[in-house]
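Asker: Can you keep this structure in mind? I'll have questions shortly.
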Amino acid sequence: MTSGKIMQSGLLALALLSGVLAASLLFARTEQAKSPSPPLPTLPQSSPALHAPTETVQSGTADDDGALDYRVWRVFPEDRRGFTLVVVSVNPKHFNRADMTALAARLKREFAEKAKLKVGLVDDDDTARLFVEGRVNYPTYERAERGRYYLDRNACREHIQFSEQRGRPRKTIRLDCPRPPRR
């Protein structure tokens with residue numbers, strides 16, 4: 001299978017994951033491949049992750065027992081329903097209630113300007129990298145996906161799903177989603 005076909009199958013899988021039509025993402029990826037673009041500039045560590053899709057991000061404060069290690073691999077543009085899609089890898093030791101709740105809060109802050117957000121949480125850096133490069137198929141990605149974060153600020157819905165071990169059922173944590181004040 002050529003790398004182009006593998007890339008298209010990866011993008012198609014992500015479109016199915018987000019519930020959007022695969023054709024729109026494939027068309028956008030094809031158009032991007034036709035016109036060469038300069039490489040992304042290296043941004044300082046303090047820049048938001050959505051401007052640097054492969055930036056490593058660490059979260060942690062003095063109140064935390066340790067830093068919450070995760071990496072944002074790719075931020076896709078909004079789909080037809082207005083959701084921004086993100087692929088994130090998380091150290092497997094963080095797939096627990098406390099760390100997943102902290103990660104949800106961190107993602108909510110980092111993507112504060114996004115009204116709708118869907119994040120796939122995988123436990124393997126290599127699988128995440130290869131998936132966004134289009135070098136592995138969706139079933140491979142799906143085996144490494146251990147959670148999802150969902151935020152819709154307009155409908156005031158927010159939750160994170162995660163599995164403490166691969167292959168086990170996912171737990172869902174519904175989070176407070178305060179409505180913005182009316183103007």
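Asker: Just the number, please: Stokes-Einstein D of region 86-183 in µm²/s, Kirkwood Rh from C-alpha pairs, 25 °C, 0.890 mPa s. Before the final figure, lay out the partial values.
Answerer: On the way: Rh = 14.1 Å.
The diffusion coefficient I find is 175 µm²/s.
Asker: Now for a separate question. Would you please classify the overall shape of region 66-143 from the alpha carbon gyration tensor, given that a ≥ b ≥ c denote the square roots of the eigenvalues, rounded means a/c under 1.5, and beyond that prolate means a/b larger than b/c while oblate covers the rest?
Answerer: Values: a/c = 2.08, a/b = 1.03, b/c = 2.01.
It comes out oblate by the Cα gyration axes.
Asker: Give, as a single signed number, the net charge of other residues whose beta carbon lies under 11 Å from the beta carbon of Leu85, with Lys and Arg counted +1 and Asp and Glu -1.
Answerer: On the way: positive: Arg74, Arg81, Lys114, Lys116, Lys118, Arg148; negative: Glu78, Asp79.
Summing Lys and Arg as +1 and Asp and Glu as -1 gives +4.
A short reminder: the numbers here are calculations on the coordinates, not readings from a lab. What you see is a predicted model; the values in this text were computed from it and never measured. All Cβ positions, glycine included, derive from the backbone under ideal geometry; neighbour counts span all protein chains shown.
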